[in-house]
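The values are calculated or read from the model by the stated rules, or taken from the named source; none is laboratory data. Predicted model, so just to flag it, every value in this text is computed and none were measured. As a convention, Cβ positions derive from the backbone with ideal geometry for all residues, glycine included, and neighbour counts pool all protein chains shown. What goes into the accessible areas is simple: the full protein's heavy atoms, side chains included, and nothing from ligands, DNA or RNA. Shrake-Rupley method; radii C 1.70, N 1.55, O 1.52, S 1.80 Å.
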Amino acid sequence: MIRLLVFLALCCYIAIRLAQIFLTVFRQWRLIEKIPGPPLKSKICGHVDEVVIPNEELPTVKYEEFKKFGGIYRLWVPGLLPAVWLAEAKYVEVLFTSKCTEIKTDLYRILHVWLGLGLLTSRGQRWHQRRKLITPAFHFSILSNFCEVFVKNALTLIDQLRQTPDGTFVEVMTQMKLVALDNICETAMGITIDALNHPNHSYIRAIDDCTDIVMTRLTRPWLFNDLLFFLSPTGRKHWADLNTIFELTNKAIRQRRKIRGKKEEKWKQRSEELEGSQKMAFLDLLLEACEKQSVSLTDEDLRDEVNTFMFEGHDTTAVSMGYTLFLLGNHPEIQEKCYRELSDIFQGSNRTPTVADLQKMKYLEQVIKESLRLFPSVPFIGREATEDVKFGDYIVPKGTVLSFNVYNLHRDPKVFPDPEKFDPDHFSPEKSAGRHPYAYVPFAAGPRNCIGQKLALMEEKVVLSYILREFRLESEHELEDLKISFSLVIRSQKDVNVKFLRRKSHQNLKS
């Protein structure tokens, strides 16, 4: 009798749970189906064709969906899991301001093996604590101390470009990546790898390989499982590359901890690597913040944050500078306007730029912003709805994956007429006035915005101003000839080739 009662109770529990699941799924289905989107051909496979779109086709496919369905539309991924795509300012504002959309989508866990639980991938209280700890390190007064590093590496780049014969095309993405790596290694870890002169450095190769492999995993659902992935040849290669990355990061942490452990007198007379407080790296600032706030971070915690800074801070800046050079090479009149601005600032002097000079580069800043509008370094962002959330007339139920398409948002013709045209005046004070604050967000927005955006802008101004003061640019391809693909950053399938022609009035920029 007791067994029968237990059996009946178990059956009742299972029936109730199944009914709850059914009601939840039915409610989710009913709410999601009110959102525009393509018809569902299969209730089992969902929109399976959306999952296997090649990276090189994603920009075109997603842009056509945006034009057809508008700034919010839904898709069903295999297993009938709902995904909602956003690309209109009023919906993006909800995404970045709502408490229940702060959590990164579960796909970001693929980055955990590389970035651990750093600022990009962590959640909840851990993320809040780290953000509070790290934010002071990005105060403008501290960032300005990195300017010397940017100048030094920009001059190395200029020396290399001088050695390129006039009329020779240079693949600018490669060059910008090398200078960005040199900058980020010194500013993040205080370590010099001299990527510009040693482009085959093992660390550079490992970074490139890991980035490609992560994107491969994101577009191959059968590689999501870590155990199966790391048993595969690609997974084993990924692990070897990660060990190369970790080796350099761990070395930097050991060095910094050792230096900070010395007596105060020796700290004031630091090794040649630091050469004074103005060259404190992000890692030093992080260790200092821990001491001031009595926060204990393990070497693994430090490695996560430094690797996150490296990951987010080199490729994004590199592609932004590369596309800016490409666009200027296609628009000589805009390029000349930048040159005139720089001439007014430097008055024929060959001196290095100061922070005050960088702040005067208003038109160059408009050019950089317009380049990021057309080619946002990170083309999409994933979040998860932890509760029901209202987007305009639609309710997106708890558990829905939210995908924000930055590329499409920046091409909204209601905000940017003739959106495919390169026009830095989009960011003139007159045209920017009154624009929806979430219509242009290349660095995301809200509490989880990019913490290093001011540093990136400073770096770009230093590097680009040096190039424009000495060279006139000519691009090999037109804007419409570029074939864009979505990866972890926005890529071109073609080499982005630009000629660097010495200006007749150029001067040696070294002081």
Legend entry - Candidates Ser343, Ser349, filtered to the one that is open to solvent by less than 50 Å² (accessible area, probe 1.4 Å) and not in a helix (DSSP H, G or I): Ser349
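Farther than 23 Å from Ser371 by Cβ, at pLDDT 85 or above and crowded, with 23+ Cβ neighbours inside 10 Å: which single residue out of Phe282, Phe326, Phe309 fits that description?
Phe282
Yes/no per residue for (1) in contact with a Lys or Arg (Cβ under 9 Å, 6 or more places away or on another chain); (2) of a type in the set (Phe, Trp, Tyr); (3) free of Cβ contacts under 8 Å to residues at least 60 places away in the same chain:
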{"residue": "Arg340", "(1), (2), (3)": "no, no, yes"}
{"residue": "Asn350", "(1), (2), (3)": "yes, no, no"}
{"residue": "Phe375", "(1), (2), (3)": "no, yes, no"}
{"residue": "Val378", "(1), (2), (3)": "no, no, no"}
{"residue": "Arg383", "(1), (2), (3)": "yes, no, no"}
{"residue": "Ile395", "(1), (2), (3)": "yes, no, no"}
{"residue": "Gly399", "(1), (2), (3)": "no, no, no"}
{"residue": "Ala433", "(1), (2), (3)": "no, no, yes"}
{"residue": "Pro437", "(1), (2), (3)": "no, no, no"}
Inset, instruction - Please name all residue pairs, on different chains or six or more residues apart, with Cβ atoms under 8 Å, provided the first residue is in the range 146-163 and is at negative phi and hydroxyl-bearing (Ser, Thr, Tyr) and the second residue is open to solvent by less than 30 Å² (accessible area, probe 1.4 Å) and in a helix (DSSP H, G or I). - result: Thr156/Val179; Thr156/Asp182
Inset, instruction - Evaluate the range 420-431: report whether one residue or more is open to solvent by 20 Å² or more (accessible area, probe 1.4 Å), in a strand (DSSP E or B) and at pLDDT 90 or above. - result: no
Legend entry - Some residue of the range 110-127 being more than 30 Å from Lys504 (Cα to Cα), open to solvent by less than 20 Å² (accessible area, probe 1.4 Å), polar (S, T, N, Q) and modelled with pLDDT under 90: yes
Inset, instruction - Would you check if there is a residue in the range 449-468 being over 30 Å from Leu143 (Cβ atoms) and buried (at least 17 other Cβ atoms within 10 Å of the Cβ)? - result: no
Legend entry - Selection within the range 469-495 - outside any loop (DSSP other than H, G, I, E, B), within 25 Å of the chain's Cα centre (by Cα) and not polar (S, T, N, Q): Leu479, Glu480, Asp481, Ile484, Phe486, Ile490, Arg491
Legend entry - Residue in the range 191-214 that is open to solvent by 50 Å² or more (accessible area, probe 1.4 Å) and β-branched (Val, Ile, Thr) present: yes
Legend entry - Qualifying position, being modelled with pLDDT of 95 or more, touching a strand residue (DSSP E or B) at 6+ places or on another chain (Cβ under 7 Å), open to solvent by less than 20 Å² (accessible area, probe 1.4 Å) and within 21 Å of Leu328 (Cβ to Cβ), among Val172, Val151: Val172
Inset, instruction - Answer yes or no as to whether Thr156 is outside any loop (DSSP other than H, G, I, E, B), hydroxyl-bearing (Ser, Thr, Tyr), touching a Leu at 6+ places or on another chain (Cβ under 6 Å) and open to solvent by 10 Å² or more (accessible area, probe 1.4 Å). - result: yes
Inset, instruction - Confirm whether Lys90 is over 30 Å from Ala188 (Cα atoms), open to solvent by less than 60 Å² (accessible area, probe 1.4 Å), in contact (Cβ under 8 Å) with a residue 60 or more places away in the chain and of a type in the set (Lys, Arg). - result: no
Legend entry - Subset of the range 93-109 (residues that are hydrophobic (A, V, I, L, M, F, W, C) and open to solvent by 50 Å² or more (accessible area, probe 1.4 Å)): Leu107
Inset, instruction - Kindly indicate whether Ala444 is at pLDDT below 95, aliphatic (A, V, I, L, M) and on the phi > 0 side of the Ramachandran plot. - result: yes
Inset, instruction - Consider only pairs whose beta carbons are under 6 Å apart and that are at least six residues apart or on different chains; among these, list those whose first residue lies in the range 219-244 and is farther than 19 Å from Leu488 by Cα and whose second residue is among the hydroxyl-bearing types (Ser, Thr, Tyr). - result: Thr244/Ser202
Legend entry - Test: residue in the range 223-239 that is within 30 Å of Glu50 (Cβ to Cβ), in contact with a Leu (Cβ under 6 Å, 6 or more places away or on another chain) and not charged (D, E, K, R): yes
Inset, instruction - Could you tell me whether any residue of the range 329-349 is within 15 Å of the chain's Cα centre (by Cα) and of a type in the set (Val, Ile, Thr)? - result: no
Legend entry - Extreme residue, modelled with the lowest pLDDT, among residues of the range 24-48 that are closer than 22 Å to Thr219 by Cβ and open to solvent by 90 Å² or more (accessible area, probe 1.4 Å): Ile44
Inset, instruction - Just one of (1) within 21 Å of the chain's Cα centre (by Cα); (2) small (Gly, Ala, Ser); (3) modelled with pLDDT under 85 trips up Ala289, so point out which. - result: (1)
Legend entry - One residue from Leu455, Leu464 being under 30 Å from Leu155 (Cα atoms), at pLDDT below 95 and either among the aliphatic types (A, V, I, L, M) or part of a loop (DSSP other than H, G, I, E, B) (or both): Leu455
Inset, instruction - Tell me, please, whether a residue that is at pLDDT below 85, under 18 Å from the mean Cα position of the chain (by Cα) and of a type in the set (Ser, Thr, Tyr) can be found in the range 207-214. - result: no
Inset, instruction - Determine if the range 360-373 includes at least one residue that is buried (at least 23 other Cβ atoms within 10 Å of the Cβ), among the basic types (Lys, Arg) and either assigned to a helix (DSSP H, G or I) or touching a residue at least 40 places away in the same chain (Cβ under 8 Å) (or both). - result: yes
Legend entry - Answer residue from the range 477-500, given it is at pLDDT 95 or above and touching a Lys or Arg at 6+ places or on another chain (Cβ under 9 Å) and is surrounded by the fewest Cβ atoms within 10 Å (Cβ to Cβ) among those: Lys499
Inset, instruction - Look through Leu488, Leu457, Leu409, Leu473 and report the one residue that is closer than 27 Å to Arg340 by Cα, aliphatic (A, V, I, L, M) and out of contact with any strand residue (DSSP E or B) (no Cβ under 7 Å at 6 or more places or on another chain). - result: Leu457
